[in-house]
Each structure stands twice: as structure tokens, then as C-alpha cells.
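Asker: First the structure, which I've put down as C-alpha cells, then a few questions once you've had a look.
Taken together, the values in this text are just the output of simple stated rules run on the coordinates, not laboratory data. As the structure is a prediction and not an experimental result, all values here were calculated from the model. Using ideal geometry, Cβ is built from the backbone for each residue, glycine included, and neighbour counts are taken over all protein chains shown.
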Amino acid sequence: MILESALLDVLPGREDEFLAAFAEAKPLIAVQRGFRSLAVRRCLDEGRTSRFLLQVEWDTLADHTEGFRRSAEYQRWRALLHPFYAPFPEVEHYGDALLTAQPHR
């Protein structure tokens, strides 16, 4: 499993519009080969409420970089979401966890 991660700095004042566009874009990624799950989280820190964390789980790196990014759905995804970002986000990919923790009971 691969975890795609990106910090999305949305133009201030356009957060609700971004979330509406993301709801429209979500089905475009959900039908892709190798897609497992997606989460978007909003930053709660003061002064950073225009920042969102996107995390997408893929079966393989190629499912994202070669599959989704080369698809017709990605072109629509870009048209819906990319106008909201300033600056454009850096996307990173992570492999299996080397360390994990569980609560002590």
C-alpha cells in the first residue's frame, strides 16, 4: 500500500467553495484502478484554517502516478481543484510504516 500525501493551501475565503468542488471531484478518483481510500482533513490551528491535508491510499505508486495522473478523470480533477491552491501543493508518496504505536492499556 502507498500513501499519497499533500498539504493543500487553499486561497483564503474560498474554503467552502473548495470543499464543494472536492465533493464533485471525489468520484473521479474513487473509480481509479488501485484506489483504496481518501481523506481530507482541515487544519485546526489558528491562522491555518485554509490548509487541508489530503491523504490517498493506493495499491501501488504507479496506480497514482501513471494510472490516475494520465487519465481523462485527472484532467477534470485538475480543472475542478487546482484553481484553489496557492502555492501549488507538493505531493509525496510513502510506503509501509516502519514504526507504529498503540495506546498502552
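Asker: Determine the gain in length on full extension of the stretch LEU19-ARG41; use 0.36 nm per residue of separation and subtract their C-alpha separation, reporting nm with one decimal.
Answerer: 6.9 nm
Asker: Build a GNM of the chain with springs between Cα atoms under 10 Å: which of ASP59, ASP45, ASP16 gets the top mean-square fluctuation?
Answerer: Sorting by GNM fluctuation, first place goes to ASP45.
Asker: When the dipole is taken about the Cα centre of the chain, and only Lys, Arg (+1) and Asp, Glu (-1) are charged at their Cβ, what size is it in debye, to the nearest 20?
Answerer: 160
Asker: Another question about this same structure. Where does the charge balance sit around PHE35 when Lys and Arg score +1, Asp and Glu -1, over other residues with C-beta under 12 Å from its C-beta?
Answerer: Around PHE35, the surrounding residues sum to -2.
Asker: Considering only GLY34, GLY47, GLY95, give the residue with the highest GNM mean-square fluctuation for the chain, with springs between Cα atoms whenever their separation is below 10 Å.
Answerer: Looking only at GLY34, GLY47, GLY95, the largest GNM fluctuation is found for GLY47.
Asker: Another question, if that's okay. If you add up the charges near ASP16, with Lys and Arg at +1 and Asp and Glu at -1, over every other residue whose beta carbon is less than 14 angstrom from its beta carbon, what do you get?
Answerer: Charge balance near ASP16 sits at -1.
Asker: Using a cut-off of 12 Å between beta-carbons, work out the net charge of the residues near GLY95 (Lys and Arg +1, Asp and Glu -1, GLY95 not included).
Answerer: Around GLY95, the surrounding residues sum to -4.
Asker: Comparing TYR85, TYR94, TYR74, which has the greatest mean-square fluctuation in the GNM of the chain with Cα pairs linked when under 10 Å apart?
Answerer: Its mean-square fluctuation being the largest, the pick is TYR94.
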